[in-house]
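The values are calculated or read from the model by the stated rules, or taken from the named source; none is laboratory data. It should be emphasised that the depicted structure is a prediction, and the values quoted were computed from it without experimental measurement. Every residue, glycine among them, receives a Cβ derived from its backbone with ideal geometry; neighbour counts consider all protein chains shown. SASA here: full protein model, heavy atoms, side chains in, ligands and nucleic acids out. Shrake-Rupley method; radii C 1.70, N 1.55, O 1.52, S 1.80 Å.
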Amino acid sequence: MAHERAGTGPDDTGCHILHVDMDAFYASVELRDRPELRGKPVIVGGRSRRSVVLSATYEARAFGVHSAMPMGQAARLCPQAVIIPPQHGAYGAVSREVMAVFRAITPQVEPLALDEAFLDVSGALRRLRMGPAQIGELIRAQIAEQQEITCSVGVATSKFVAKLASVHCKPDGLLVIPADGVLDFLHPLPVSALWGVGRQTGQVLARLGLHTVADIAQTPIGSLERELGRAAAAHLSGLAAGRDVRRVVPGAQEKSIGAEETFATDVTDPEVIRRELLRLAGRTARGLRGSGCSARTVVVKLRLATFKTITRSRTLPQPTDVAQQIYTVACELYAAAGLSDEARLRLVGVRATGLIPSSAAVSQLAFGDRPVSWREAERALDQIAGRFGTDAVRPAILVDGKHPDP
């Protein structure tokens with residue numbers, strides 16, 4: 001769908017919005033350090049069959065494996081896959097470098113996750129003396145050279161279309177949707193391509209006989225309003241017509257960072273729960289430091305064997321990115337949940353919310369206070385993990401081989 005101008009490449013006039021998305025990010029980072037696995041089906045996730053897939057190579061995806069799929073199902077679809085426990089600290093470190101590449105191009109960067117972001121390059125066109133597509137290719141080349149991973153880039157006049165374009169050129173591609181080709185690109189797509197069309201809305205649209213974006217674009221908005229309500233109808237009608245006026249919002253912060261683990265079998269032993277909370281606190285803290293954030297609030301999630309879910313949270317006196325502080329609060333929240341000795345837990349999680357940039361987290365701790373020492377120690381461990389992997393150094397209590405790596 002990248003329209004060509006004779007001798008000059010894609011017609012990217014007015015296409016100042018880029019969506020850059022790393023290809024199979026976690027898996028790509030793992031294969032960078034384990035090149036012998038290239039070309040093989042690889043899955044990143046916990047080894048428990050009740051864990052979920054975090055990332056999968058395209059060789060594994062050919063068997064139907066995808067992110068968020070239960071690991072047991074993934075193993076049945078692709079029994080020959082190599083399963084690698086995640087190393088969240090390594091992914092955070094690579095993400096920081098990738099975002100630095102983006103911000104060297106333009107300050108107008110809106111991260112969506114560790115592995116994707118919107119960029120507004122309108123201010124960079126004259127400075128770099130490049131068109132949007134050339135800038136996209138520059139970004140792809142720099143990431144490939146510096147990080148040895150690939151990314152896909154969508155180039156368009158709006159965020160909505162740019163994100164769809166990056167999806168359509170995966171893996172390792174670049175796709176320009178010209179201003180005069182937006183409807184040609186959008187209209188053949190299924191209604192599920194529109195933001196806001198989930199399973200329930202999709203069923204309503206199917207009942208109306210609306211299966212493609214073109215079908216919605218050609219439907220009177222009044223008909224949509226009667227079935228979906230005024231706001232949803234206006235939203236879908238606008239997207240189907242290629243309208244998306246949202247701007248790139250620089251520096252938008254993640255709302256939360258955390259980790260959770262589904263046990264292979266239900267757990268009743270409080271000591272096992274506390275060990276898992278320690279592991280998850282470490283993963284959460286590494287994620288915070290990798291994103292350059294500190295957290296004001298710690299949240300613990302406890303899911304019983306009955307699937308009843310309990311959450312408890314506490315706001316801290318000072319923002320933190322220190323695992324030991326997060327772990328201490330998590331244990332207190334677990335104890336305060338009031339579970340009986342017979343309670344069987346299926347899943348536990350630790351999450352940090354109320355995020356602010358670490359540079360703004362002014363510490364009022366006195367010199368020599370223990371949390372400062374913990375922070376320095378954990379940052380030193382980040383450097384070791386970045387070079388040797390997260391299992392190179394860990395708390396002694398976790399060195400028993402019975403649990404997946406953090």
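Segment Phe63..Leu189, full-extension length gain: 43.0 nm, with 0.36 nm per residue of separation and the alpha-carbon distance subtracted. Looking only at the stretch 144-161, which residues have a backbone nitrogen under 17 Å from a spot 7 Å from the Cα of Arg246 in the C-beta direction? In the stretch 144-161, the label zone of Arg246 (backbone N under 17 Å from the point 7 Å along Cα→Cβ) covers 154-161. Extension gain, Gln73-Arg50: 0.36 nm per intervening residue step, less the Cα-Cα distance, totals 7.4 nm.
Of the accessible area of the stretch 142-214, computed with a 1.4 Å probe over protein heavy atoms only, carbon and sulfur atoms account for 52 percent. Taken along its three principal axes, the alpha carbon spread of the stretch 1-139 comes to 52, 33, 25 Å, from the longest extent down to the shortest. Gyration tensor analysis over the Cα atoms of the stretch 103-163 returns equivalent ellipsoid semi-axes of 17, 15, 11 Å (largest first, whole Å). By accessible area, using a 1.4 Å probe on protein heavy atoms only, the stretch 28-101 has 55% of its surface on carbon and sulfur. For Leu125 and Gln80, the difference between the fully extended length at 0.36 nm per residue and the C-alpha to C-alpha distance is 11.5 nm. Each residue, Ala234 and Ala335, gets one label point 7 Å from its Cα in the Cβ direction; the gap between the two is 5.2 nm.
Apply 1/(1 + (r/R0)^6) to the Cβ-Cβ distance of Thr297 and Leu37, taking R0 = 35 Å, and write down the FRET efficiency to the nearest 0.05. Once rounded, the FRET efficiency stands at 0.35. For the stretch 227-238, 3J(HN,Hα) computed residue by residue from phi via the Karplus equation (6.51, -1.76, 1.60; θ = phi - 60°) reads 9, 10, x, 5, 5, 5, 5, 5, 4, 5, 5, x Hz, glycine and proline entered as x. Solvent-accessible area assigned to carbon and sulfur over the stretch 252-305 amounts to 46 percent, based on a 1.4 Å probe. Per residue, the stretch 203-344 exposes 49 Å² of accessible surface when a 1.4 Å probe is rolled over the protein heavy atoms with every protein chain present.
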